[in-house]
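Take a look at the structure below.
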Amino acid sequence: MSFLFILFQYIVPQHLLSRIAGKIANSKNIRIKNTLISYFLNNYEINMEEAHNENPYGYNSFNNFFTRKLKTDARPIDKTKNSIISPADGVISQVGLIDNGEVFQAKGRSFNLLDFLGGSQNLYNEFSDGSFSTIYLSPKDYHRVHMPFPGILREMHYIPGDLFSVNPITVKKVNNLFARTERLSCIFETSNGPMAVVLVGAMIVSGICVSWENKRFIKNREIQSFKYPSVGNGAVQLNKGDELGRFMLGSTVVMCFPNKRVSWESNISENSSVRVGESIAIANV
């Protein structure tokens, strides 16, 4: 069955399917959006008690339900000095060291850091011998992404690519998966050096949004790069726990740090469940 699932992803028109899914997910037709919401409530363990609006049918589209805001105390932010928090709810699919520019994906498989960061040699040099963690968000998870450590946005890159599923089956079967999938790379300057937070798209993910940009990215199969000032008009400074972005349907967040700049918490390993605000590492400032 896994072979057929992977084959399906290769032959299906991935971007067309995602555009169709996006239109359906954004539909404000009551019957359509309530049918989708009902399906998710019946098939996934979704805790509406922690949502700012606890009424699942009170959202005007499925996407608004899926990216629902939580109550202010639902995800307390770890206040320990120099702690790095999980940017998302999900499961740590992998965590560890970047080995000569190769990032571990699954047993026998990896993805290339240079390709993953859009071919930028400068970015590659900053992270090529550093540390990383990959967090997979399942459909039941809270789908807003938060700032793991205080920083100032330096640059952002929309990197076009395929739209494979990023669930565990595909991760184990498709080599170089995250470096060939559409993604949005956000590079921050922090007191601990540069930090990359990369939001990875996936099949039927209808969009990735960030808190500082209202526009959607032009999907013209070309890398789009944006530079930001460190001070003044246009500067983007985020504190630990601030909302960074959100996924319109599920996906993955990959964080990268320079060499010897983080120490992972002892309870963080492959398959660890994490939630926004929990400390997953300490910055070696």
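The values are calculated or read from the model by the stated rules, or taken from the named source; none is laboratory data. As the structure is a prediction and not an experimental result, all values here were calculated from the model. Positions of Cβ are backbone-derived with ideal geometry, glycine not excepted, and every protein chain shown enters the neighbour counts. Surface areas here come from the heavy atoms of the whole protein model, side chains and all, with no ligands, DNA or RNA. Shrake-Rupley method; radii C 1.70, N 1.55, O 1.52, S 1.80 Å.
Please specify each residue of segment 2-46 satisfying the condition of being among the hydroxyl-bearing types (Ser, Thr, Tyr), at pLDDT below 90 and within 29 Å of Pro56 (Cβ to Cβ).
Ser18, Ser27 - these are the residues of segment 2-46 that are among the hydroxyl-bearing types (Ser, Thr, Tyr), at pLDDT below 90 and within 29 Å of Pro56 (Cβ to Cβ).
Within segment 227-268, can you find the residues that are of a type outside the set (Val, Ile, Thr), within 18 Å of the chain's Cα centre (by Cα) and closer than 27 Å to Asp115 by Cβ?
Hits for segment 227-268 are Leu238, Leu244, Gly245, Arg246, Phe247, Met248, Leu249, Gly250, Ser251, Met255, Cys256, Phe257.
Does Pro87 fit the bill of being assigned to a loop (DSSP other than H, G, I, E, B) and under 16 Å from the mean Cα position of the chain (by Cα)?
Judged against the criteria, Pro87 is a match.
Select from segment 97-111 the residues that are open to solvent by less than 40 Å² (accessible area, probe 1.4 Å) and out of contact with any strand residue (DSSP E or B) (no Cβ under 6 Å at 6 or more places or on another chain) and write down the one among them that is nearest to Thr190 (Cα to Cα).
Of everything passing the filter in segment 97-111, Gly101 is nearest to Thr190 (Cα to Cα).
Given (1) open to solvent by 30 Å² or more (accessible area, probe 1.4 Å); (2) modelled with pLDDT of 90 or more, where does Asp89 come up short, assuming only one miss?
Only one criterion is unmet by Asp89, namely (1).
Kindly indicate the residue of segment 268-281 that is open to solvent by less than 60 Å² (accessible area, probe 1.4 Å) and in a strand (DSSP E or B) and also nearest to Lys33 (Cα to Cα) among those meeting that condition.
Val274
Looking only at residues that are farther than 26 Å from Lys69 by Cα and assigned to a loop (DSSP other than H, G, I, E, B) in segment 237-267, which one is least open to solvent (accessible area, probe 1.4 Å)?
Pro258
For segment 50-66, give me each residue that is at pLDDT 95 or above and of a type outside the set (S, T, N, Q).
Correct list: Glu50, Ala51, His52, Glu54, Pro56, Tyr57, Gly58, Tyr59.
Select from segment 70-79 the residues that are at pLDDT 95 or above and assigned to a loop (DSSP other than H, G, I, E, B) and list them in ascending order.
Matches in segment 70-79: Lys71, Ala74, Arg75, Pro76, Ile77, Asp78.
What residue, of Glu49, Glu45, Glu54, is free of Cβ contacts under 8 Å to residues at least 60 places away in the same chain, out of contact with any helix residue (DSSP H, G or I) (no Cβ under 9 Å at 6 or more places or on another chain), open to solvent by 80 Å² or more (accessible area, probe 1.4 Å) and farther than 25 Å from Asn125 by Cα?
Every option except Glu49 fails the conditions.
Can you confirm whether Ser27 is farther than 21 Å from Ser138 by Cβ and in contact with a helix residue (DSSP H, G or I) (Cβ under 9 Å, 6 or more places away or on another chain)?
yes
Check Leu117 against each of (1) out of contact with any Leu (no Cβ under 6 Å at 6 or more places or on another chain); (2) in contact (Cβ under 8 Å) with a residue 24 or more places away in the chain and name the one condition it does not meet.
Every condition holds for Leu117 apart from (1).
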